[in-house]
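Report on the following structure.
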Amino acid sequence: MGLGRPGTPVDVAPDVRRLLAPNPSPFTGPGTNTYLVGQGGLAVIDPGPDNPAHLEAILQAIRPQQRITHILVTHAHLDHSPLARPLSEITGAPVFAYGDAHSGRSEIMQQLAAVSDLGGGEGTDLHFIPDHVVPDGALLSGDRWQMRALWTPGHFGNHLCFDLNGIIFTGDLVMGWSSSLVSPPDGDLTDFMSSCEKLKSMKTDVFLPGHGPAVTDPQDRLAWLIAHRNAREASLLDALTTQSATAEQLAALIYNDTPSHLLPAATRNVLAHLIDLTGKKKVAPVGPLHAEAIFQRLLEF
């Protein structure tokens, strides 16, 4: 089933429709997926970017005898959350999320962000504040639907997935067409791997991601993502066996088939790996840990 044209609702599961936002890019794929869940009272998942045409498309997708009762946000990135407040003001529906844009950061990322220049912050919706804070495991109920919120940090600290009886809205944690950007301090590779394992332990039928088509082989996709990150880690450790290097230098070496305009994003992923490996005591920065730090491999005994 295709994604459809921007602004045109597409049925993707029983009582679930998808609206594609008109914001394609190398990082958003065809655009952001907004989901409408329910029959009478609707939940809108990820209203999307600040785009008047997309806001109008959401409102036009409401059928007679329907109304929006819940607005759910997977995470506070500018391609997912900005329309939450305008949509709330028009419909009266409250906004639900794990917290504001800085919620959910791991302790190590909080510490590093306070004392180091880690860079990052790409695309963060700094103005995002939900009406209701949703903790891990909370049940959200509406008209003939019930979803469980799953705190799944890694791509972003306040990232939630939503489980609708085995149909999991995965935001940017798991997508079929691309792996996720993990950019510290909002992104955390240690958390990312834990969140993938969390979903892997669950009964899942299909993933409906924040970008791209449905993932119909969720367990295989999770296994691939975990293996992919483990392979990147092994490549980084191999590279650091012979020389110390910065994240940027390592990205150019490891991501040697990546177009040059995407190397800055690859560098952010590499930095996330290096922070994770520092925590595992497999590498260490030469001096303070920051975005431009030189890293060296530690000897294992």
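The values are calculated or read from the model by the stated rules, or taken from the named source; none is laboratory data. Computed from a predicted model, the values in this text were never measured in an experiment. Every residue, glycine among them, receives a Cβ derived from its backbone with ideal geometry; neighbour counts consider all protein chains shown.
Just to be sure before I move on: is T69 polar (S, T, N, Q), touching a residue at least 24 places away in the same chain (Cβ under 8 Å), within 24 Å of I167 (Cα to Cα) and crowded, with 21+ Cβ neighbours inside 10 Å in the structure I sent? Don't jump to the end; show me each part of the working.
Details: polar (S, T, N, Q): yes; touching a residue at least 24 places away in the same chain (Cβ under 8 Å): yes; within 24 Å of I167 (Cα to Cα): yes; crowded, with 21+ Cβ neighbours inside 10 Å: no.
No: the conditions fail for T69.
Can you find even one residue in the stretch 200-214 that is buried (at least 21 other Cβ atoms within 10 Å of the Cβ) and either of a type in the set (K, R) or assigned to a helix (DSSP H, G or I) (or both)? Scanning the stretch 200-214, I find no residue that is buried (at least 21 other Cβ atoms within 10 Å of the Cβ) and either of a type in the set (K, R) or assigned to a helix (DSSP H, G or I) (or both), so the answer is no.
The test for being in a helix (DSSP H, G or I) and either at positive phi or among the β-branched types (V, I, T) (or both) holds for T267.
Every condition in (1) more than 29 Å from L277 (Cα to Cα); (2) at pLDDT 95 or above; (3) touching a Gly at 6+ places or on another chain (Cβ under 8 Å) is met by R144 except one, and the failing one is (2). Any residue that is surrounded by fewer than 17 Cβ atoms within 10 Å (Cβ to Cβ), within 26 Å of L20 (Cβ to Cβ) and not basic (K, R) - is there at least one of those in the stretch 229-248? There is no residue in the stretch 229-248 that is surrounded by fewer than 17 Cβ atoms within 10 Å (Cβ to Cβ), within 26 Å of L20 (Cβ to Cβ) and not basic (K, R).
Screening T204 against (1) among the hydroxyl-bearing types (S, T, Y); (2) at pLDDT 95 or above; (3) within 29 Å of P6 (Cβ to Cβ) leaves a single unmet condition, (2).
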